[in-house]
Structures are given as structure tokens and as C-alpha cells.
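**Student:** The structure follows.
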Amino acid sequence: MKKHNGDCETMKKRISLKRIRSVLIVAALLVDVAVMAQTQRDVVYMKNGSVIRGQVTNNSDEKVVVETDDGNVFVYKKSDINKMVKEATGKGGEERSVVKPIRIAGDLKEDTYDPAASNGRWPTKGWRGFVGGCFGLALDDVFEHRAVCTFYTSHGFQFNHALYLGLGLQSEGMGVERYVSSNETEVVSLNMLTLFLDGRVDFLKKAVSPFLDCRVGHGWNNLEGGYFALMAGVRVKRHNMAMGIERISTKVDEYSFTYGRWKSCDEVLSAFYFSYSYEFGRR
């Protein structure tokens, strides 16, 4: 009977030691997790090139809230963020290594951050606008010595670094020398206000990129009719230089020497022009 009681006491001691060992292991794991949490911080990479370090306290579909080490709290739109990661820090908070990326909602991916994209080199998704002008010379023989001076603006949406679609308004003036009689000419000024759809492709994701721009619209005023323009050029950051052609399907008044009077005729006016524009929008 005494021997049996001794075995029970020994077994109880063993069970107690196992429990103590289990508690110590769990405590050690909790301490390790706490230490890891204290030596990690979130890093938020913005599309404008900014880098914010701290703790992400709220990560929703629309916004991210970051509390920095000095206690400041910042709220950022999710659409303005390229990537978020966690980084380990050593003693004193210095950076050691990036250990785990945070996958965030929407169409953003872990590998979407491109540091060069924050230097204003090429357009990014969002609003984009242009203001510019053109100077051109006639390609047709309807009028002689016709000069074209144009001012325009175009605004729309940039779908990625390459594709832009927008709506534009253009004011165009033409200095025209036309025949009044067989030995007399006169100079007149014709004007046209044009509303056009604007489609553009930038071919390279670089600071300098060739582009192709196509416009289709309709004009009113002294000249009225369909408008088409196609130009090719080079974009240098926000500056755009191009050459192109335009065609206007309209009615013009011509003097008929046979009938001795003015008559209206359907004509297609063409011009070759040089263009410069400055652009606005997200980079």
C-alpha cells in the first residue's frame, strides 16, 4: 500500500513538471511574439515618392491610417499608395530587413511600386489635360497663301502610362488670300470653333516618349463642318512637340467667272502644322 502511494506521488510530480514546462514554453512564445511585434514596423510607399514608417492602425478598401513613431497620425487614400511592407528593426529602431509584404485591397499588388515612377517622368492613371497651339500652312489650292493659327485645350482620363481619351475645344483662325476677279485678290479672315474627341497613345514609359494623337470633331462659325487631325510627336516630361495634318470638310464661297457671281461649294481644306502643348495631371 505504501509502495502504491509512492508511485502516485511520483506521477503527480511528473505531471506538475510537464504543466510547468508547457506554461514556460507558451510564455516564451508570447514574449517572442511581443518582441517581434515591437521590432517590426509598417512602411508605406506613396505614388509621389514619399515613404512613411510607423504602425498601420486601419487598412480599409478606401484609406490607410498610419501612426508614426513620433505619435502623429496620417490618413492616406488607398489609390495614392503603391505598396506597403513590414520591415524589421534592430536596436534603436534602425532598419534591418524587409520581412513580410502586406497585400492590400483593390488592384494594387506587392510588386507595383516603381521608384522611378514618382519622379514625374510619365503620366499615371487619372486626370490629364493639355493647353497648346498650332501654326500651319495650306496643302490645298482652294485658297492661296492660307495660314492657320490655332489655340486648343484638351482634358480627359489617362487609363495607364500609354492611353489617353479626352474632350477638347479649339479656336482656329485662317488668313486667306482669294481671287475677286481675274486680276484682283483680297485677304479675308475665316474662323472656326471646334469641339473634338481626343485619343492619344504614348509609346514608351520613359521621360522622353514618341506619341500619336488623333482628333475627330465638328466646327462652327465662318467655316462649319467636320474636323479631323492626326499628329505625331515627342513628349519630354510635360512638354509636347508635334507635326501633323488637319482636314476640314466645309462649304466655301468661290467666285465664278463664268456666271459672274459667288457660289457655295463643298470643299476639303487641308493644312500641315506644327504644334506645342504643355500638359497637366498626375505623375
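**Student:** What list do you get for Ile52, Ile81, Ile25 if you sort them by fewest beta carbons within 10 Å?
**Tutor:** Neighbour counts put them in this order, fewest first: Ile25, Ile52, Ile81.
**Student:** Could you go through segment 124-135 in sequence order and give the Karplus-derived ³J(HN,Hα) for each residue, using 6.51 cos²θ - 1.76 cosθ + 1.60 with θ = phi - 60°, rounded to whole Hz, and x for Gly and Pro?
**Tutor:** 10, 4, x, 5, 8, x, 9, 9, x, x, 9, 9
**Student:** Among Ser154, Ser79, Ser277, what is the fewest-to-most ranking by other Cβ atoms within 10 Å?
**Tutor:** Taking fewest neighbouring Cβ atoms as first place, the list is Ser79, Ser277, Ser154.
**Student:** Another question, then. For a Förster distance of 30 Å, can you work out the FRET efficiency between the beta-carbons of Lys251 and Leu137, rounded to the nearest 0.05?
**Tutor:** The calculated FRET efficiency here is 0.85.
**Student:** Let me ask something else about it. How far apart, in nm, are the 7 Å Cα→Cβ label points at Ser79 and Lys237?
**Tutor:** If labels sit at Ser79 and Lys237, their model points lie 2.6 nm apart.
**Student:** At Ile25 and Trp127, where each label point lies 7 Å from the Cα along Cα→Cβ, what is the point-to-point distance in nanometres?
**Tutor:** Rounded to a tenth, the inter-label distance reads 6.1 nm.
**Student:** Counting other C-beta atoms within 10 Å, which of Tyr273, Tyr76 has the fewest, and how do the rest follow?
**Tutor:** Tyr76, Tyr273
**Student:** Given the pairs Lys83/Lys206; Lys86/Lys205; Lys86/Lys206; Lys86/Lys237, which span a C-alpha to C-alpha distance of over 25 angstrom in this model?
**Tutor:** Values: Lys83/Lys206 21 Å; Lys86/Lys205 29 Å; Lys86/Lys206 30 Å; Lys86/Lys237 33 Å.
Exceeds cut-off: Lys86/Lys205; Lys86/Lys206; Lys86/Lys237.
**Student:** How far apart, in nm, are two points set 7 Å out from the Cα along the Cα-to-Cβ line at Glu87 and at His155?
**Tutor:** Between Glu87 and His155, the simple spin-label model gives 3.9 nm.
Read-outs: derived from the displayed coordinates by stated rules, not from any lab. These numbers were taken from a predicted model, which means no experiment stands behind them. Quick reminder, even Gly has a Cβ in these numbers, built from the backbone with ideal geometry, and neighbours come from all protein chains shown.
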